[in-house]
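Here the structure comes first, spelled out in structure tokens, and everything after it is commentary.
The values are calculated or read from the model by the stated rules, or taken from the named source; none is laboratory data. Just so you know, these numbers come straight off a predicted model, no measurement behind them. All Cβ positions, even for glycine, are placed from backbone atoms using ideal geometry, and neighbour counts span all protein chains on display.
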Amino acid sequence: ATPTAVMVATGVGANNGVLIKGGDALERAQMVNCVVFDKTGTLTQGKATVTTAKVFTEMQRGDFLTLVASAEASSEHPLAKAILEYARHFHFFEEPSTTSNIQYPEKDPKYSGWLLDASEFCALPGRGIQCIINEKQVLVGNRSLLTESGVNIPTHAEKFVVELEESAKTGILVAYGSVFIGVLGVADSLKREAAVVVEALLKMGVTPVMVTGDNWRTAQAVAKEVGIHDVRAGVMPAEKADVIRSFQKNGRIVAMVGDGINDSPALAAADVGMAIGAGTDIAIEAADYVLMKSNLEDVITAIDLSRKTFSRIR
Ligand code: ADP
Ligand code: MG
């Protein structure tokens, strides 16, 4: 393609909300035969909502929610925000809400005033959080976080979590003083266009893949809904780039689509990194493309634009 054709294509991209960082990036996209999607915030809306809270001890429901919310108050994770929202609503109205359009009595970002003091807060990427409340350790996160700390998860609770996961929800487990106390179920719905985009990629001869830090069962359920067959679950933040490299070693030309801080090494490792515009600055910096409208259809737009720009000179 001539420099003019590249310039025109870059302009067409920009007009459609697809920012292309340079001619190389534009050229590489035509070769892509594998698109790896992050799950949370990329295929899904990234707006987690608590759908279930189940206490497995004598503890009152309100106390359970206050404890978990207090532990999560220092976390920036979307799951933490969903939990705080749910617990806060229960605290003020005694009934949990699953919608986020409620006017709260007080919009303090730290949700102060009703939370317990938590000390020694520590985020464990890809697993959850830990802290100390009332001199006891609180663990909130996935199974391995609890089991690796020696917390026993009773069979009936495990069964409850499996049921959540099979319906595409993430089970968040809670331990207090090394005793398992309850579970929260969190849902995050797919973006409306996700399934159509996956289908279009398959028609273009491009293999769609999902990568996520979430557990295998939830990932599998979401992948099934969206039509993706190749799923890499339980991938720790630092390992997402390794997933990209393993596809490249098998001769694939890989595009990575992601939104999170966790995704930036993978976006950089991919032949073509595409950041969701609504994503974090770090992801946007690491990417070759920015999808300003945060619409997955623009993955197709980007590949098409490159194919059209470069096919004419072959
Ligand atoms: P993803 O790759 O889907 O963006 P993450 O790597 O951020 O997911 O997290 C993976 C898993 O770790 C979550 O599904 C959850 O089980 C657990 N987790 C991470 N952060 C938290 C938190 N603040 N509270 C509870 N669980 C968490
Ligand atoms: Mg994400």
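General observations
- Residue check for V161: assigned by TED's automatic domain parsing to the domain that holds R127, surrounded by 22 or more Cβ atoms within 10 Å (Cβ to Cβ) and in contact with a Cys (Cβ under 8 Å, 6 or more places away or on another chain): no
- Selection within region 185-225: residues that are β-branched (V, I, T) and away from ligand 1 (no atom under 14 Å from the Cβ). The member of this set that is farthest from the chain's Cα centre (by Cα) is V206.
- Selection count, region 46-60, where residues are out of contact with any strand residue (DSSP E or B) (no Cβ under 7 Å at 6 or more places or on another chain) and more than 11 Å from ligand 2 (Cβ to nearest atom): 3
- L139 vs. criteria outside any helix (DSSP H, G or I), in contact (Cβ under 8 Å) with a residue 24 or more places away in the chain and surrounded by 16 or more Cβ atoms within 10 Å (Cβ to Cβ): yes
- Taken together, the residues in region 305-314 that are surrounded by fewer than 19 Cβ atoms within 10 Å (Cβ to Cβ) and either assigned to a helix (DSSP H, G or I) or free of Cβ contacts under 8 Å to residues at least 12 places away in the same chain (or both) amount to 4.
- The criterion of at least 2 residues that are not assigned by TED's automatic domain parsing to the domain that holds G260 is met, among strands (runs of 3 or more DSSP E) falling completely within region 170-229, by 170-176, 179-187.
- Complete set of residues in region 240-275 that are under 17 Å from T301 (Cβ atoms) and touching a Gly at 6+ places or on another chain (Cβ under 7 Å): M256, A275
- Residues in region 226-239 that are within 23 Å of E297 (Cα to Cα) and surrounded by 14 or more Cβ atoms within 10 Å (Cβ to Cβ): V226, G227, I228, V231, R232.
- Scoring V257 on the criteria (1) assigned to a strand (DSSP E or B); (2) more than 14 Å from ligand 2 (Cβ to nearest atom) leaves a single failure, condition (2).
- Within region 37-85, considering residues that are among the hydroxyl-bearing types (S, T, Y) and free of Cβ contacts under 8 Å to residues at least 60 places away in the same chain, the one nearest to ligand 1 (Cβ to nearest atom): S75
- Pick from region 112-136, criterion within 16 Å of ligand 2 (Cβ to nearest atom) and on the phi < 0 side of the Ramachandran plot, ranking: surrounded by the most Cβ atoms within 10 Å (Cβ to Cβ): R127
Results for (1) touching a strand residue (DSSP E or B) at 6+ places or on another chain (Cβ under 8 Å); (2) more than 16 Å from ligand 1 (Cβ to nearest atom); (3) not assigned by TED's automatic domain parsing to the domain that holds G11, shown as yes or no for each residue.
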position	(1), (2), (3)
A269	yes, no, no
I276	yes, no, no
V290	yes, yes, no
E297	no, yes, no
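- Residue list for region 269-304, filter: more than 13 Å from K21 (Cα to Cα), assigned to a helix (DSSP H, G or I) and modelled with pLDDT of 95 or more: A269, E297, D298, V299, I300, T301, I303, D304
- Subset of region 279-304 [crowded, with 24+ Cβ neighbours inside 10 Å and without any contact (Cβ under 8 Å) to a residue 60 or more places away in the chain]: A283
- If you go through region 9-36 and keep only what is more than 18 Å from I276 (Cβ to Cβ) and either touching a residue at least 60 places away in the same chain (Cβ under 8 Å) or of a type in the set (D, E) (or both), you end up with A9, V12, G22, D24, L26, E27, R28, Q30, M31, N33, C34.
- The residues of region 71-88 that are surrounded by 22 or more Cβ atoms within 10 Å (Cβ to Cβ), in contact with a strand residue (DSSP E or B) (Cβ under 6 Å, 6 or more places away or on another chain) and among the small types (G, A, S), listed by number, are A71, A82.
- Enumerated helices (runs of 4 or more DSSP H) restricted to region 1-84, each holding at least 1 residues that are assigned by TED's automatic domain parsing to the domain that holds S264: 3-15, 23-28
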